[in-house]
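One structure follows; several queries about it will come next.
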Amino acid sequence: MKEAQIKQAYEVAKARYAELGIDSDAAVAKLQDLSISLHCWQTDDVTGTEKADGSLTGGIQATGNYPGKARNLAEIRADIDKAMALIPGEHRVNVHALYADFSETGFVDRDKIEPKHFQSWIDWAKEKGYKLDFNATCFSHEKSADGFTLSHRDPAIRQFWIDHVNACRKIAEEMGRQLNSACIHNIWIPDGSKDLTVDRALYRKNLKESLDKIFEMKTNDDYMRDCIECKLFGIGSESYVVGSHEFYMGYGVANNKMVTLDSGHFHPTEVISDKISSLLLFAPEIMLHVSRGVRWDSDHVVLLTDELQALAQEIVRADAFDRVHVGLDYFDASINRIGAYVVGTRAAQKAFLMALLEPIAQLRAFEAKGQNFERLALLEEAKALPWADVYNYFCLKNNAIVGEAYIADIQKYEADVTSKR
Ligand code: RNT
Ligand code: ZN
C-alpha cells in the first residue's frame, strides 16, 4: 500500500469513527502504550541454551520441524530483533531461565544461576530499547523428570526448585533495576500426574508451603513482580495438575499476588476473557499468556479470534490497561518461527485496537435502558467498522511494514538467514 493511500484511508476511517463519537487518534495513542511481551521460546521450540540437545519436558510440546530454528543466543536474539522490526510499537521480551548465557562463566545448575548469567540479555535489551520479563524454568531438567517440582514428596527436590525460583526472582529484580521497568516474573510448574492421584491434598499442601517459603524472600516491586500460572492438564498430567486455577486463584487472593491467565489452560469452552472483571476485584494485577488452544494443544499461534477480541474488550472496558500485562505464549515449530511472532503479536494489537475503537458509550447507554436489540446490532456493526485502516496507519506511523507485505520480508529473511542454519 502506498503511503498516501494509507493516510487517505485513515482520514475516512477517522471521520466514520467520529460519527460514532470515537476519537481514533486517541485509540492510536493508547495502542502505542501497549507493550506486548514476546516470549523468547518461540525462536527455538523451547530448547534453551543449557544443552545442545535440550529436550522439552513438563507436558508441553512444540510439534513440527520447520527448518531454521535458532540454535544459540545470537540467533535467538537476531530472530527476535527481526520479529520486533515487523511489529509496530515498543515491546518487551520474555526470557526463560532455560536461556542463560554461560559463555563467560561455564555451566551452573538452575539453583545457582545469577544475574550475571543473564547480563548479556540485559545489555542486548538496553541496546535495542526492549524491556524484559522473566520465568523460572521448572521443566526440562532431571529433577523434574518424575513430573513434580515445588510440590514434590522429597523435601530435597522441593528445596532445589525453591532455590531455583528465588535465584530467578533475583535475576528478574536485577533486570528490572537495570532496565528501569518492573520485570514480571512468572512461576509455572508442570507438577501433576497422568493417572489417578490419591494424594491430591498432599501435593497442593507442599506447593503452598514451597510458595510461602519462596515469597519470604522480599523483592522490590518497582523492579520485579511475581505472578503464578495455573493449568488444567498437560501431556502426561491428564488426570491431575497440582497448580489448578482454584489453587492459584486462592493463593493469589490470599497473598496479594498477580495471577497469570493463559488462554490455553482451561476447559475447551471456558474463556479467560470472562475472568478479567472478577479477578481484578480480588488480585492486584493480571499477567496474560495470550495463546490459542486447539484440542489438546494450548499453544497455537495467536489469531484474531472471537475470544481474543473479547479478551481485549474486557480489559479496555474495565479500564485495566495498567493492571493487566500482556504476554504471548505459544510455540509452533511447523511454520516460519519469526512469522509466528509477527502474526500473533499483530493479531493481539488488532484486537486491542478494535476494543479501543468500540462505541462503548453508546453501547452502555443502550444497555442501561434495556435496549438489547440496539446493543446487539451496534456490537455487530462495530465489527465491520474500518479499524484495519486505523491499524495500517498505526503501522505506518511506527515505520513498520503495512499489511501482508511483511510476508515477503520474512521470506527474504528466511532465504538470507534462517534457511542457511
Ligand atoms: C505451560 C505454560 C508456561 C510455558 C512457558 C514456556 O503450559 O503455559 O507458561 O508455556 O513457561
Ligand atoms: Zn503460559
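The values are calculated or read from the model by the stated rules, or taken from the named source; none is laboratory data. A quick note: this is a predicted structure, and the numbers were derived from the prediction, not measured. Cβ placement follows ideal geometry from the backbone for every residue including glycine, while neighbour counts extend to all protein chains displayed. Surface accessibility is based on the protein's heavy atoms, side chains included, excluding ligands, DNA and RNA. Shrake-Rupley method; radii C 1.70, N 1.55, O 1.52, S 1.80 Å.
If R0 is 45 Å, what FRET efficiency do you get for Arg153 and Asp81 from their C-beta distance, rounded to 0.05?
Rounded to the nearest 0.05, the efficiency is 0.55.
If you build the Cα gyration tensor of segment 263-317 and take the root of 5 times each eigenvalue, what three semi-axes come out, in whole angstrom, biggest first? Write out the running numbers ahead of the final one.
On the way: eigenvalues 78, 30, 18 Å².
Ellipsoid half-lengths, sorted descending, are 20, 12, 9 Å.
If N is the number of residues in segment 196-309, what value comes out of its Cα radius of gyration divided by 2.2 N^0.38 Å? Mind showing how you got there, number by number?
On the way: Rg = 15.0 Å, N = 114, 2.2 N^0.38 = 13.3 Å.
So segment 196-309 has a normalised radius of gyration of 1.13.
Only sites in a loop by DSSP and with at most 12 other Cβ atoms within 10 Å count here; which chymotrypsin sites (Phe, Trp or Tyr not before Pro) in segment 96-184 make the cut? Walk me through the intermediate numbers first.
Values: sites: Tyr99, Phe102, Phe107, Phe118, Trp121, Trp124, Tyr130, Phe134, Phe139, Phe148, Phe160, Trp161; in loops: Phe102, Phe107, Tyr130, Phe139, Phe148.
Answer by residue number: Phe107.
Report the net charge of residues surrounding Gly327, where surrounding means a beta-carbon distance below 11 angstrom and charges are Lys +1, Arg +1, Asp -1, Glu -1. Walk me through the numbers on the way to the answer.
Working: positive: Arg92; negative: Asp133, Glu229, Asp262, Asp329.
After counting each charged neighbour, the total is -3.
Which residue, Leu311, Leu202, Leu98, tops the fluctuation ranking in a GNM of the chain built on C-alpha contacts under 10 Å?
Comparing Leu311, Leu202, Leu98 in a Gaussian network model of the chain, the most mobile one is Leu202.
Let me ask another. How much length is gained if the chain between Glu114 and Lys128 is pulled fully straight, taking 0.36 nm per residue apart and subtracting their Cα-Cα distance, in nm to one decimal? Kindly include the intermediate steps, with their values, before the conclusion.
Numbers: separation 14, 0.36 × 14 = 5.04 nm, distance 2.24 nm.
In short, 2.8 nm is gained.
Follow-up. On a C-alpha basis, how far is the centre of segment 218-238 from the centre of segment 1-52 in Å? Whole number, if you could?
Using only Cα atoms to place each centre, the spacing works out to 27 Å.
Describe numerically, in nm with one decimal, the distance between label points set 7 Å from Cα along Cα→Cβ at Lys383 and at Phe107.
Here the answer is 5.2 nm between the modelled labels.
Follow-up. Mind listing which trypsin sites (Lys or Arg not before Pro) in segment 37-137 are in a DSSP loop and have 13 or fewer other Cβ atoms within 10 Å?
Working: sites: Lys51, Lys69, Arg71, Arg77, Lys82, Arg92, Arg110, Lys112, Lys116, Lys126, Lys128, Lys131; in loops: Lys51, Lys69, Arg71.
Counting only loop positions with at most 13 other Cβ atoms within 10 Å, the trypsin sites (Lys or Arg not before Pro) in segment 37-137 are Lys51.
Label points 7 Å out from Cα along the Cβ direction at Glu374 and Ala15: separation in nm?
In this crude label model, Glu374 to Ala15 measures out at 2.7 nm.
Measure off 7 Å from each Cα along the Cα-to-Cβ vector at Leu303 and Val417, then give the distance between these two points in nanometres to one decimal.
Going from the Leu303 label point to the Val417 one covers 2.7 nm.
Tell me the mean residue ellipticity at 222 nm calculated for the chain from its helices only (DSSP H runs of n ≥ 4, each -39500 (n - 2.57), averaged over every residue, nearest 500). Before the final figure, lay out each step's value.
On the way: 14 runs with 184 residues, N = 421.
One gets -14000 deg cm²/dmol as the mean residue ellipticity at 222 nm.
How far is the Cα center of segment 56-72 from the Cα center of segment 356-421, in Å?
30 Å
Starting from the alpha-carbon convex hull of segment 15-121, give the projected area averaged over all orientations, in nm².
On the way: hull surface 40.5 nm².
Averaged projected hull area, Cα only: 10.1 nm².
Here is a follow-up. Counting every Cα pair in segment 107-173, what percent are over 18 Å apart? Can you show the working numbers first?
Numbers: 932 of 2211 pairs.
Result for the distance tail: 42 percent.
Could you compute the FRET efficiency for Ala145 and Asn255, with r as their C-beta to C-beta distance and R0 at 30 Å, rounded to 0.05? Provide the component values of the computation, followed by the final result.
Working: r = 29 Å, r/R0 = 0.98.
Here the calculated transfer efficiency is 0.55.
Let me ask something else about it. Please report the antiparallel percentage of the DSSP beta bridges confined to the chain, to the nearest 5. Don't jump to the answer; show the numbers that get you there.
Values: 5 of 33 bridges.
Once the DSSP bridges in the chain are tallied, antiparallel ones form about 15 percent.
Under a GNM of the chain (C-alpha, springs under 10 Å), which listed residue has the highest mean-square fluctuation: Val46, Val326, Val108?
Val108
While we're looking at this one, here's another question. Say a site is exposed when it is one of the GluC sites (Glu not before Pro), sits in a DSSP loop, and has at most 13 other Cβ atoms within 10 Å; what is then the longest site-free stretch of the chain? Before the final figure, lay out each step's value.
Working: sites that count: Glu104, Glu270.
Counting at most 13 other Cβ atoms within 10 Å as exposed, the longest clean stretch of the chain is 105-269.
Something else about it: So between Glu404 and Ser334, what do we pick up on full extension, going 0.36 nm a residue minus the alpha carbon distance?
Details: separation 70, 0.36 × 70 = 25.20 nm, distance 2.00 nm.
Result: 23.2 nm gained on full extension.
Of the options Thr305, Ala320, Ser334, report the single residue whose Cα projects farthest towards the positive end of the charge dipole of segment 303-350 (beta-carbon charges: Lys, Arg +1; Asp, Glu -1).
Final value for the positive-end residue is Ser334.
On average, how much accessible surface per residue is there in the chain, in Å², for a 1.4 Å probe, leaving out ligands, DNA and RNA? Numbers along the way, then the final one.
Working: 18400 Å² over 421 residues.
With all protein chains present, the chain gives 44 Å² per residue.
Okay, next question. Probe radius 1.4 Å, ligands and nucleic acids ignored: give me the carbon and sulfur share of the accessible area of the chain as a rounded percent.
51 percent
Which one of Arg177, Arg337, Arg292 has the biggest mean-square fluctuation once the chain is modelled by GNM with Cα springs under 10 Å?
Arg177
Oh, and also: How big is the chain by the Kirkwood estimate over distinct Cα pairs, in Å? Before the final figure, lay out each step's value.
Working: mean 1/r = 0.0449 Å⁻¹.
After inverting the pairwise mean of 1/r, the radius is 22.3 Å.
Distance between Cα centroids, segment 191-210 to segment 311-337: provide it in whole Å.
29 Å
Percent of alpha carbon pairs in segment 297-421 separated by more than 20 Å? If you can, show how the numbers build up before the last one.
Numbers: 4269 of 7750 pairs.
That fraction is 55 percent.
In the chain, if the dipole is taken from +1 on Lys/Arg beta carbons and -1 on Asp/Glu beta carbons about the Cα centre, which of Val93, Leu288, Met354 is farthest to the positive end?
Val93
Nearest 5 percent is fine: what portion of the DSSP beta bridges confined to segment 198-305 is antiparallel?
Expressed as a percentage, antiparallel bridges in segment 198-305 total about 30.
From zero outward in steps of 10 Å, how is the percent of C-alpha pairs of segment 31-183 spread across the bins?
Bins of 10 Å from zero give 10, 39, 36, 13, 1 percent of pairs.
How big is the Rg/Rh ratio for segment 347-421, C-alpha atoms only, Rh by Kirkwood, two decimals? Don't skip to the answer; put the middle values down first.
Numbers: Rg = 18.8 Å, Rh = 15.1 Å.
Using Cα coordinates only, the ratio equals 1.24.
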